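Since the structure comes first, as structure tokens, the remarks are kept for the end.
The values are calculated or read from the model by the stated rules, or taken from the named source; none is laboratory data. Keep in mind that what you see is a predicted model, and the values were worked out from it rather than measured. Backbone-built Cβ (ideal geometry, glycine too); neighbour counts: all protein chains shown.
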Amino acid sequence: MTDSVAEHYTHGSLLAKITAGIESIGKTPASVTVDELAPVDEFHIGGRQASEEFTSQLGLGGNDHVLDVGCGIGGTSRFVASRFGCRVTGIDLTPEFIETGTALCQWVGLDNLVELHHGNALDMPFTEGSFDAAIMLHVGMNIADKAGLFSEVYRLLRPGAVFGVYDVMKTGNDELKYPVPWSSVPDTSALATQAQYVAALQQAGFDVIEVHNRREFAADFFAETRERMAAAGETPPPLGVHIAMGENAPAKITNMVENIAAGCCAPVEIIVRRT
């Protein structure tokens with residue numbers, strides 16, 4: 001399944017598309033900022049707003065070393081580093097995401113704080129107990145072995161560290177409409193319920209602190225996104241998550257709107273602490 005997941009996310013010319021996008025807003029790799037990259041950088045429901053609200057619950061500080069599990073092109077890693085002054089290490093299964101993200105870190109001058117690695121979240125090449133906090137945004141939908149995933153994160157966190165999960169979770173019995181942002185077909189989707197997440201986290205040894213269902217937030221976000229795309233017609237904005245989604249981005253967004261509205265799924269935040 002890992003090869004299929006990486007293939008799903010591989011774009012082929014992602015950095016070139018982002019470069020063209022920043023040039024269209026009058027920027028260059030030398031002048032673009034973290035905030036200006038945010039529309040394309042934050043590949044999860046709610047974008048930058050979701051990142052701000054999610055990470056504000058984790059108590060991060062400048063002395064922390066944060067693990068970003070399934071970091072994508074490193075958008076949230078860069079946001080955390082710039083906002084809190086943290087050192088961030090990200091890991092992702094898709095080589096193109098890591099190559100693109102590393103270049104973007106250099107563009108915005110954060111390569112001294114953010115380091116991105118290609119690898120599997122079920123077997124991360126880091127030292128036990130070496131992180132002060134961890135985040136995972138829209139990753140578990142591609143990983144069936146939730147217990148193995150959370151055990152691996154537990155291994156890498158120091159005692160007392162906080163781990164924040166922000167994933168799309170199953171909330172109903174109806175089948176999803178595909179394609180969706182994380183999968184074009186059911187075979188590469190590993191959607192699970194909130195209860196299954198909580199059970200896997202507790203099995204790994206975490207104590208649950210907070211759980212927040214963000215369904216209404218997601219419905220509003222996607223409705224606004226679809227309205228903007230409709231208003232733009234054949235000319236999408238120069239920077240946005242549609243770049244990473246590829247040519248069928250409108251279908252993925254439309255299906256997510258309908259899946260959430262039908263009660264099939266919703267994004268959920270779960271904040272836990274390593275015992």
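Taking (1) closer than 30 Å to E36 by Cα; (2) surrounded by 13 or more Cβ atoms within 10 Å (Cβ to Cβ) in turn, A231 satisfies each apart from (2).
For region 148-165, residues that are on the phi < 0 side of the Ramachandran plot and either surrounded by fewer than 18 Cβ atoms within 10 Å (Cβ to Cβ) or among the hydroxyl-bearing types (S, T, Y) (or both) total 6. Kindly indicate whether any position in region 40-52 is over 20 Å from H138 (Cα atoms), out of contact with any His (no Cβ under 8 Å at 6 or more places or on another chain) and part of a helix (DSSP H, G or I). Checked region 40-52: no residue is over 20 Å from H138 (Cα atoms), out of contact with any His (no Cβ under 8 Å at 6 or more places or on another chain) and part of a helix (DSSP H, G or I). Answer with yes or no whether D174 is at pLDDT below 95, out of contact with any His (no Cβ under 7 Å at 6 or more places or on another chain), within 15 Å of N259 (Cα to Cα) and not in a helix (DSSP H, G or I). So D174 passes the test. Could you please let me know if A223 is over 24 Å from G90 (Cα atoms), modelled with pLDDT under 95, crowded, with 18+ Cβ neighbours inside 10 Å and of a type outside the set (D, E)? For A223, the condition - over 24 Å from G90 (Cα atoms), modelled with pLDDT under 95, crowded, with 18+ Cβ neighbours inside 10 Å and of a type outside the set (D, E) - is not met.
Could you grab me the full set of residues in region 48-57 that are surrounded by fewer than 20 Cβ atoms within 10 Å (Cβ to Cβ) and touching a Phe, Trp or Tyr at 6+ places or on another chain (Cβ under 9 Å)?
Pass one, region 48-57, residues surrounded by fewer than 20 Cβ atoms within 10 Å (Cβ to Cβ): 48-49, 52-53, 56-57.
Those that are surrounded by fewer than 20 Cβ atoms within 10 Å (Cβ to Cβ) and touching a Phe, Trp or Tyr at 6+ places or on another chain (Cβ under 9 Å): R48, Q49, E52, E53.
Taking region 3-39, which residues are of a type in the set (V, I, T), assigned to a helix (DSSP H, G or I) and touching a residue at least 60 places away in the same chain (Cβ under 8 Å)?
In the first step, residues of region 3-39 are kept if they are of a type in the set (V, I, T); the result is 5, 10, 18-19, 22, 25, 28, 32-34.
Adding the requirement that they be assigned to a helix (DSSP H, G or I) leaves 5, 18-19, 22, 34.
Scanning region 3-39 gives V5, I18, I22, V34.
For every residue, the table says whether it meets (1) polar (S, T, N, Q); (2) in a helix (DSSP H, G or I); (3) over 27 Å from A133 (Cα atoms).
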| residue | (1), (2), (3) |
| --- | --- |
| L201 | no, yes, no |
| I209 | no, no, no |
| F217 | no, yes, no |
| R226 | no, yes, yes |
| P237 | no, no, yes |
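Figure legend. Inter-residue proximity from region 197-209: first residues of a type in the set (D, E, K, R), second residues modelled with pLDDT under 95 and part of a loop (DSSP other than H, G, I, E, B), beta-carbon distance below 9 Å, spacing 6+ or different chains. Indicated pairs: D207/T275. Can you find even one residue in region 166-187 that is of a type in the set (G, A, S), over 19 Å from the mean Cα position of the chain (by Cα) and surrounded by 16 or more Cβ atoms within 10 Å (Cβ to Cβ)? No: region 166-187 contains no residue that is of a type in the set (G, A, S), over 19 Å from the mean Cα position of the chain (by Cα) and surrounded by 16 or more Cβ atoms within 10 Å (Cβ to Cβ).
Looking at G160, G148, G129, G101, just one residue is in a helix (DSSP H, G or I) and over 18 Å from D41 (Cβ atoms), and that residue is G148.
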